[in-house]
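Laboratory data are not the source of any read-out in this text; all were calculated from the coordinates shown. None of the values given here were measured: they were computed from a predicted structure. With ideal geometry, Cβ positions are generated from the backbone for all residues, glycine too; neighbour counts draw on all protein chains shown.
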2 protein chains.
Amino acid sequence: MSTWVEQWDIFEFSTAGPTEGNPFVDVSFGAKFSQAGRELLVAGFYDGEGIYRVRFMPPAQGEWRFETHSNCNDLAGKAGTFTVVAPTGNNRGPVRVHNTFHFQYADGTPYKQIGTTAYAWTHQGTELEELTLTALRRAPFNKIRMCVFPKRYAFNANEPPLYAFAGTAPNKWDFTRFNPEFWRHQEKRISQLRDMGIEADLILFHPYDEGHWGFDRMDAASDERYLKYCIARFGAYRNVWWSMANEFDFMKTKQPADWDRYFEIVCENDPFDHLRSIHNGRLIYDHNKPWVTHASIQNGSAVEDFGRAILYRDVYRKPVVFDEVKYEGNIPQRWGDISAEEMVHRFWQGTIAGTYVGHGETYKHPNDVIWWARGGELHGKSPPRIAFLRKLLEEGPANGLEPIDKWQDVHTVGEAGAHYLVYFGKLTPTEWEFSLPRAGLNAGMRFRAEIIDTWNMSVEAVDGTFTIIEDATYRYRSESLRKIKLPGKKWMALRITRLEGDRVTFHEGKKIYGEG
Amino acid sequence: MSTWVEQWDIFEFSTAGPTEGNPFVDVSFGAKFSQAGRELLVAGFYDGEGIYRVRFMPPAQGEWRFETHSNCNDLAGKAGTFTVVAPTGNNRGPVRVHNTFHFQYADGTPYKQIGTTAYAWTHQGTELEELTLTALRRAPFNKIRMCVFPKRYAFNANEPPLYAFAGTAPNKWDFTRFNPEFWRHQEKRISQLRDMGIEADLILFHPYDEGHWGFDRMDAASDERYLKYCIARFGAYRNVWWSMANEFDFMKTKQPADWDRYFEIVCENDPFDHLRSIHNGRLIYDHNKPWVTHASIQNGSAVEDFGRAILYRDVYRKPVVFDEVKYEGNIPQRWGDISAEEMVHRFWQGTIAGTYVGHGETYKHPNDVIWWARGGELHGKSPPRIAFLRKLLEEGPANGLEPIDKWQDVHTVGEAGAHYLVYFGKLTPTEWEFSLPRAGLNAGMRFRAEIIDTWNMSVEAVDGTFTIIEDATYRYRSESLRKIKLPGKKWMALRITRLEGDRVTFHEGKKIYGEG
């Protein structure tokens, strides 16, 4: 009987081995996984109690073979074969960069990033963590930012139930010995997220420790050992992303070169090539460096008004994810006091710039159970509106929404000649003259329009169709100069789509006009 | 009698040598310039008619010695000494990067970049070029962007009087033989600009040729020979900046790696380390690369509204110069149809973001003599207002205007605790409550305020002084909550300066608050 596993699921091989000395550092263990034409070297790890494991996320279907290697004879040379079968259910593989600025799952399904943040939710104990999972099950989010290490910050000074290392809290640790129970707990949470279709953007380092536990100031060897252990344990989970840090520049004990080194360690040791990013405080990391797969940016201002977020796209030519844009809430800190309307607006601002946005929530709570740090329940009004946006994105172009006339028309995003979103934000127009940037257009094309209320979550079809003619130099208008009536309210948008019968000519019609 | 030259002026040594063969490629010639503790290797060049020259911009005062080297015995081993004396007049040395985001002359004098563009002004013949010089003499600009090669584009299809290479126009060139007359003419214009205090931002390549002359598609060896000849001839002019290209990405015959290579050639061959940049069309070069001294950006949109331009600063941590923000004019192209008000507004938008802006003018002209391409006369209304801004900048902090509360207060720039500009742009407030971001402030500090009309070029003092108290978490206000009356017009700004008597405590008071 053959062992089988789904593509992008986890094949795990475990075996007993030595327990004497410090197996975490004394014993090397790993395996070579091979299929015709390819070989992947995967590091294993010691899981305590004499058990050694190696985990593999098969990138392709068919027969695979593995053979272990080790500096310990008992662990070396163990071999076997297994069959990788087609994925089922919501298993679409890991998320990859697609079309320069966007994402898709490995199976080609578009992935429209709609993230949230609950930094320390896996360090809160069963009751609260289960509550968080329940909330996530009902929420629109397909990514969550979360810290491997516990967090100590305003509203969040509780000790976690488990620690990553052997030793005594708060700060007597043996950084050479991991605490398997801690890691198994993290894995359980990661796998629960995976099963719900949520990507786990694992934050590997963060400054919200300040020496209390000292996980923010381990020596270089401990940092490297920790990173490799993270990768060996978590790397086979298809929903894992690596975020090197939150607010990396606020970690005063790290030098700029440390971050480059961490990226290099991750690149060298992750055979599955998960997404890699690093999130800023006040100083932005150079996301042009080759190991960064997408720009992870904290800057609420960039999605506060038109024409801002797009500037980062040009600079990085990678997906831009605004992972922190301030939080919906009512705490005194200005990073946690924006309204639900403003949070939804920021998602839309990011969207019409061809970028992606992350959510967070900071409503005061009698026991300081605030979503942004500890998880729990969602109290805000933005999540349903974000769910509505997610639906619109999933109905939109598979290759992602692109600015149509960048640096010129800051309201319009889409796929030239086929699909457009036009967003008005805080403006309150009472009408809109049908007009589109000329890229991808030819006279005679026909479109339909829908009026979207981004706050009230409605889509209302506009009667009739719009046939376009060339007009001014840079745009096409409807031949009757027909206007669309709008309700004179904030938070309105339009969706404009090419009529089906016209679609055949789309690719021929596509043109790019080049001057800034 | 000793030879002497001013620091940062040009010491030139010339000597006769061989004329047979092709001296431009057959003969190597250069000199080592030395002073106690330092040596600079400087390439010379063949100037035709048997004359070889080497030019040196002395970086330090005192005695210097030189000795030539060559693959030709007649040219090698010639030596001499000269004395470098203190600079006089407006000789402040070359412009360097200062305080990360700003510039200063080598003598420490602040340099507030106020550029203009007249791409092909040195290829228009004496009459028009003299007219351009006259206009520049009256204008506020301290930098001009100009192409070494002639330009062929809309409104500008005239052949130049001189060409860089030996051969026959339009496209039968011997790229191995330079035309010294062409180069002497460029030098004359560069030196005239220098004497007027104007930096020459020399554009080394551009796409406005499209094979007509073929200067945009020379082979790699010719490109390199051309760059080295530029450096040997122009490098000793202290007012030279190297702009690798205009709209580099529109040059379809160049690959991305070509631009890196050009930068490397310039870095290796310019002993005087002039400023280096590259200007984009639609794709922005990676200005984080180490050889780029400042980001030269075309993107009018970035200075159209608040909160945009600053985003580039964070990304590059270098001076950001918006060298093309559309032009004041009335041609049909949308890059050349903005009003004078809008041009001035864009200068202010760049200024309050801690960046710098460049001017250009494109008013229709019966003979197509348009400033932006050919020079001539300035017809627009923005230059006097830009002169007014320049004066305000020169009265401002020597270290440059910095955002005080970046990503939060998009109206305010200055030096925390000392000097502020608050700009309102198209907003038309009738009053302003005295309030400043808290960085650098302590309760009890006293300020005075002036109302600035950026269009009408007036500065009006507000009666009395403002003593500040701590107020909300992130700002200080005047203790009487006093408001400043404003005229309810567009284009207004405020200048707020610390009272002299208070200044002593400034540096102690300076704090940085860190959260985004």
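What to note about this one:
- Treating each Cα of the stretch A:110-395 as one equal point scatterer and applying the Debye formula with no solvent, the log10 of I(q)/I(0) at q = 0.07, 0.08, 0.13, 0.16 Å⁻¹ comes out as -0.23, -0.30, -0.85, -1.36.
- Which of B:401, B:320, B:267, positive extreme of dipole for chain B (C-beta unit charges): B:401
- Taking only the alpha carbons of chain B, we obtain Rg and Dmax values of 24.8, 84 Å in that order.
- Our Cα-only numbers for the stretch A:410-509 put the radius of gyration and Dmax at 13.1, 38 Å.
- Estimated Rh, the stretch B:265-336: Kirkwood, alpha-carbon pairs, angstrom: 13.6 Å
- Burial order of peptide ranges B:62-71, B:115-124 (average beta-carbon count within 10 Å, highest first): B:115-124, B:62-71
- The stretch A:87-234: Rg to Rh, with Rh as the Kirkwood radius over Cα pairs: 0.99
- For residue B:184, the point set 7 Å out from Cα toward Cβ sits 8.8 nm from its twins in the other copies, listed from shortest up.
- Legend: mean number of C-beta atoms from other chains within 10 angstrom of residue C-beta atoms, peptide A:297-305, equals 5.
- Shown here are the Rg and Dmax of the Cα trace of the stretch A:204-334, at 15.5, 45 Å.
- Counting Cβ atoms of other protein chains within 10 Å of each residue's Cβ and taking the mean over peptide B:333-345 gives 1.
- Across all Cα pairs in the stretch B:38-101, the calculated P(r) in 10 Å bins from zero up to the longest distance comes to 15, 39, 30, 13, 2 percent per bin.
- Rounded to the nearest 20, the Cβ-based charge dipole of the protein assembly as shown about its Cα centre (Lys and Arg +1, Asp and Glu -1) stands at 1420 debye.
- Net +/- balance of residues flanking residue A:341 in space, Cβ distance below 11 Å, scoring K and R +1, D and E -1: +3
- Each Lys or Arg adds one and each Asp or Glu takes one away; over the other residues whose Cβ falls under 12 Å from the Cβ of residue B:483, this sums to +1.
- Local charge for residue B:123 was computed over the other residues whose Cβ lies under 9 Å away, with Lys and Arg +1 and Asp and Glu -1, and equals 0.
- Long-range tail of P(r) for the stretch A:4-85 (Cα pairs > 21 Å, %): 27 percent
- Cα-based equivalent ellipsoid of the stretch A:95-174: semi-axis lengths in Å, sorted from largest, via gyration tensor: 32, 16, 11
- Across the copies of the chain, residue B:170 has label points (7 Å from Cα along Cα→Cβ) spaced 7.6 nm apart, shortest distance listed first.
- Projecting the alpha carbon convex hull of the protein assembly as shown along each direction and taking the average yields 49.3 nm².
- Sequence-distant residues sharing a close amide H with residue A:178 (under 5 Å, placed H): A:166
- For residues of B:406-414, the mean tally of beta carbons on other chains within 10 Å: 2
- Other copies of residue B:126: label-to-label distances in nm, shortest first, labels 7 Å along the beta-carbon direction: 9.7
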